[in-house]
Amino acid sequence: MKETIYPKYESAQTSRILIEKFTSESKESVITLNQHRRSSRLFFLRKAASFENIQKRFSTQSTELKLHKLKKAVRELSYAIHLQPDGIQLYIIRGQYLLRMRCYDLAKFTIYQVAELNKGLIELSPIQQALIYSFCENHDKAIQVLDGITLNKPDVPMCTLLAKAQMKAKRNKEAMRMFKKALDLISSSDKGLNPLAASADCLYHLGLCYMEEGSLQLNYKLAITDLTTAINMDKNSYIAFYNRALCYTKINELQMALTDYGIVLLLNAGETVTLNTFINRGLIYAELEQFNFALEDFKQAALISKTNVSLCQATAVCYHRNKEFEEAVNFFTWAVKIDPRFLDAYIGRGNSYMEYGHDEATKQAQKDFLKALHFNPVYTKARICLGYNLQAQGKFQKAWNHFTIAMEVDPKSYLAYEGRAVVCLQMGDNFAAFQDINAAIKINATAEFLTNRGVIHEFMGQQQNAMRDYQEAISLNPTYSLAYFNAGNIYFHHRQFSQASDYFSKALKFDPENECATMNRAIANTVLKRYEEAKEDFAYVVESCPLWAAVYFNRAYFYCCLKQYELAEEDLSKALSLKPNDALIYNLRAEVRGKIGLIEEAMADYNKALDLQEHASVV
């Protein structure tokens, strides 16, 4: 664009033409002064004011530019253009400033105005004409001009320029042929040309053509080959590394993509490339379920962008997955501040509050779900979350109502059917729960829904049907831990301890933090006399859940099997400190104390157990 800007002496000449024009018009004003003195004076003053304003606008925009206040400079230029609509140089300068402000659409429109205004006033070379056509997205005209130049002068710069114009016009195959032609010309060497830089540029753009040409893996592999060659020529080309990472992502070579994105961040990339790199790398980490790494990348991207609500949301979701719920709430709140109508942020924050586990947070979550529904009453996701929130508060009928409304809004909402099934089960209406979960399965047969139907079958006393559902869930999703756990419990109930232990082990394989499965496996292994394995499992659960009375009770039974009654008595006392009104624990401790000779204490425990049982029967 520099070649199309007026030299300084031409600006002075333009001013002189304005002065001459003004002088001739003022003479006419003087001739008519005696006849129309007042009106002529007014006309004269307006002309003078117009000329002074143009000079003032030029002076002001230069000052504003020095102060880096480009917006004000553009505003002053716009006023000047209003006063002198045919001043081509004003348009050109405004176009430059808009480009520097990255207002590309406005800059493009300004350059288009220059092209329309230019009726031979500016002598443009064919290359300049082509650049203007290309900038104004008249790609066919730009290619026509450059094609004519290339036929007469087929050198590397012209071929490269034509190929880039063809890329902008989405003529990628033609562009690829032209880039290859440029590479052939480079090999025969042009004088005064830097072959390394020219080759790297051609190979880089050739790689982009392969990327644009299609989604076939072959194209991306060819693009990777060319981008790798370009990288070997210029190790600091962060754009080449960035685009190669995109290609690796397309062919699912995610580790290679992560490596390239890491290199981009080490190089001196611009803010836009750095931002996109953090986003893309974060998405890969999220796909790999490496949420700690994804969190850091999304967080950095959010800090760079500062106003991108989606990045705040993504960061918050990662915090939620990492069970850092307070940080999740903070980022969801940030998202809401950026966009007060961003409904998913309210829902995410509400779900994070729900994880706090106390009544105040649950009520705060309810406010967020209601806020989302206030903005959009038919937003099914918010309605379902509110239903579960009310269920957690024990307001089952209200929860049932909201799940029903969600189903009326979206009859295909299987999550609404599932939610209402859960509430029906808690309200004791097993058949209604069974009907709702069946409706959910008809819409979307998942391992989770089949497992839930199995649970309902168990509540209805149909363990055979329940086992059938659990096995079907496992067939549908062999990694679904809860189906293995529930099936293991049925085997345990039928005293098939070996099968139960195996299923608990499979459940733990896919969900290692399931303390219930660990404890049940410990009990099964105790019965099977696999004492070492049982001991390890009990130790793990006690460490993970030190306030869970059941684990101490069951480990006491384990110690009884080993005839380690002192340890059993210690665990039972700990269990009673956590659950002081449990008759079963008192009864077992009485037996243990009898074994170690504490007869009076044993009698006291028996009496306490009897009192608690009598009280329970009365209640």
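Distance between the C-alpha centres of the range 218-234 and the range 359-428: 52 Å, rounded to the whole angstrom. Note on the range 534-582 and the range 310-329: Cα centroid distance 37 Å, given to the nearest whole angstrom. Protection proxy ranking, highest mean first, for peptides 460-466, 235-241: 235-241, 460-466, where packing is the per-residue count of other beta-carbon atoms within 10 Å, averaged.
Seen from Glu271, the other residues with C-beta closer than 12 Å to its C-beta sum to a net charge of +2, counting Lys and Arg as +1 and Asp and Glu as -1.
Distance from the Cα centroid of the range 585-610 to that of the range 435-478 is 44 Å (rounded to whole angstrom).
Every number in this text was worked out from the coordinates using simple rules, so none of it is lab data. Here the structure is a predicted model, which is why all the values come from computation and not from measurement. Positions of Cβ are generated from backbone atoms using ideal geometry, with glycine treated the same way; all protein chains shown enter the neighbour counts.
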